[in-house]
1. In the range 323-331, is there at least one residue being at pLDDT 85 or above and either among the polar types (S, T, N, Q) or within 19 Å of Leu77 (Cα to Cα) (or both)?
2. Which one of these is in contact with a Ser or Thr (Cβ under 8 Å, 6 or more places away or on another chain) and more than 18 Å from Ile117 (Cβ to Cβ): Ile345, Ile381?
3. Say we look at the range 288-335 and pick out the residues that are without any contact (Cβ under 8 Å) to a residue 12 or more places away in the chain and β-branched (Val, Ile, Thr); which of these is farthest from Thr254 (Cα to Cα)?
4. So, Met176, is that one without any contact (Cβ under 8 Å) to a residue 40 or more places away in the chain and in the same structural domain as Val384 (by TED's automatic domain parsing) or not?
5. Using the structure shown, decide if Lys353 is charged (D, E, K, R), under 30 Å from Met75 (Cα atoms) and under 20 Å from the mean Cα position of the chain (by Cα).
6. Which one of Ile141, Ile130 is β-branched (Val, Ile, Thr) and touching a residue at least 12 places away in the same chain (Cβ under 8 Å)?
7. Check whether at least one residue in the range 64-85 is hydroxyl-bearing (Ser, Thr, Tyr), more than 20 Å from the chain's Cα centre (by Cα) and more than 21 Å from Asn158 (Cα to Cα), and report yes or no.
Amino acid sequence: MKNKPLNSFRISRFINEEAYGGIFLIIATIIALFWANSTFYDSYHYIWHEYKVGFVWGDIDMVASLHHWINDGLMALFFFVVGLEIKREIMGGELSSMKKASLPIAAAVGGMLLPAIFYAIAVINYPEYINGWGIPMATDIAFALGLLAMLGSRVPLNLKIFLTALAIADDLGAVMVIAVFYTESIDYNELLYAGLCLTIMIIANFAGVRRTLFYAIFGFAGVWIAFIYSGVHATIAGVLIALTIPARTKIGETDYIDKLTTYLNKFKLEKPDDKSTLLTKEQVHLISDIEDLNKKAHTPLQKLEHTLHPVTAYFILPVFALSNAGVHIDGKVIDLLIHPISLGIIAGLVLGKWLGITLFSMLIVKLKFASLPEGVNWHQIRGVAFLAGIGFTMSMFISDLAFKDDEFKQIAKVGIMAASLISAAIGMLWLSLAPKKNN
């Protein structure tokens, strides 16, 4: 029980960052759409798709478009943070035990299976479109939590925690889908080299190496670059690197409290001159000792997540939206919306997500493997199931992997935005009308 206030604070902070990040994401999306459909479309296309940056070093050619660097570089850092979140939740969060994890995992599984099935049914007569089945499986946690934040106190914290855990489990599923189904050709020599570097990082973890610089060097120069050339999408490297980051403290909780208490007591005894605003030399040394002690009490995993999460929420995802959401509408919007790809995505995200999350949640509770979070009712679960249909960031990312044809990508992105808008509108209306009593 003593950790509950701390956990609540950590969860609230995470949710708030995602919520505010969702606002930045919305702004970036609107800018991208206006930019791509204005007289400045040529500049949009040139900056993101034709302008090349990078370096060449011997046989290593790392020159590519900004769009490519964002999707393979910045998004690898985003997936690294996702990996940190997954590891943290499995080790000590909402996915750390079967009792806690059963409901969000079951909801995530239903929210991935049914959307894929709905999409497949929609394009059953068009085999050339079938590769897009993974697009409606994803949930954009930033957008969804951003909208939940707008409802204020009408939404209980436990409902936000449920959505967060569901989305993290969903992210894990998306990573597996990308790794297994959206990898065309594999260079096994490069993967072997990446595996060797990962093994070294795992051994270092168990050996007590805690310097993040060590993991950064092996992760970037060893794993990430090897994945770039292996054929497996580089974002998978981000998740694998995250799983090697140490999640243990260097000092136990009891020792930390005892030493901190000792330092604080000594600090109180070392009173400077009443007229002086300066600390004594002993107090300065004690502050340094406390700082060193705090470093030992931190886990590198949580420290990195604490540092990088705002970067992904406020910078990486908005930049991704700015470079990917600029869909140039060339023709009638209605023609794009009734295209089989769009209809499949809309059916998957709007109906498939809602049915999958709702039915699988009800099933796992009925079988008594899980129970509803305290203060949450079924009406709210159904509302969150609609909000989970906001697939935006991850869906757009997968659409770039699913289709090679630029026209198919554009159609998919129109479908994603339409489905996300519909899901958001229904979810917000549904939750705003949620009854106070469980039903």
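The values are calculated or read from the model by the stated rules, or taken from the named source; none is laboratory data. Keep in mind the model is a prediction, meaning the values are calculated, not measured. All Cβ positions, even for glycine, are placed from backbone atoms using ideal geometry, and neighbour counts span all protein chains on display.
1. Within the range 323-331 (the criterion being at pLDDT 85 or above and either among the polar types (S, T, N, Q) or within 19 Å of Leu77 (Cα to Cα) (or both)), the answer is yes, since at least one residue qualifies.
2. Criteria check complete, one pass: Ile381.
3. Ile334
4. Working: without any contact (Cβ under 8 Å) to a residue 40 or more places away in the chain: yes; in the same structural domain as Val384 (by TED's automatic domain parsing): yes.
Answer is yes for this residue.
5. On the way: charged (D, E, K, R): yes; under 30 Å from Met75 (Cα atoms): yes; under 20 Å from the mean Cα position of the chain (by Cα): yes.
So Lys353 fits the description; yes.
6. Details: Ile130 fails: touching a residue at least 12 places away in the same chain (Cβ under 8 Å).
Result of the check over Ile141, Ile130: Ile141.
7. Quick first cut of the range 64-85, residues hydroxyl-bearing (Ser, Thr, Tyr) only: 65.
In the following step, the residues that additionally are more than 20 Å from the chain's Cα centre (by Cα) were identified as 65.
Okay, now just the ones that are also more than 21 Å from Asn158 (Cα to Cα), so 65.
Within the range 64-85 (the criterion being hydroxyl-bearing (Ser, Thr, Tyr), more than 20 Å from the chain's Cα centre (by Cα) and more than 21 Å from Asn158 (Cα to Cα)), the answer is yes, since at least one residue qualifies.
Okay, residues lined up against (1) among the β-branched types (Val, Ile, Thr); (2) in contact with a Gly (Cβ under 9 Å, 6 or more places away or on another chain); (3) over 29 Å from Lys366 (Cβ atoms):
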residue: Ala76; (1), (2), (3): no, yes, yes
residue: Gly83; (1), (2), (3): no, yes, yes
residue: Asn131; (1), (2), (3): no, no, yes
residue: Pro136; (1), (2), (3): no, yes, no
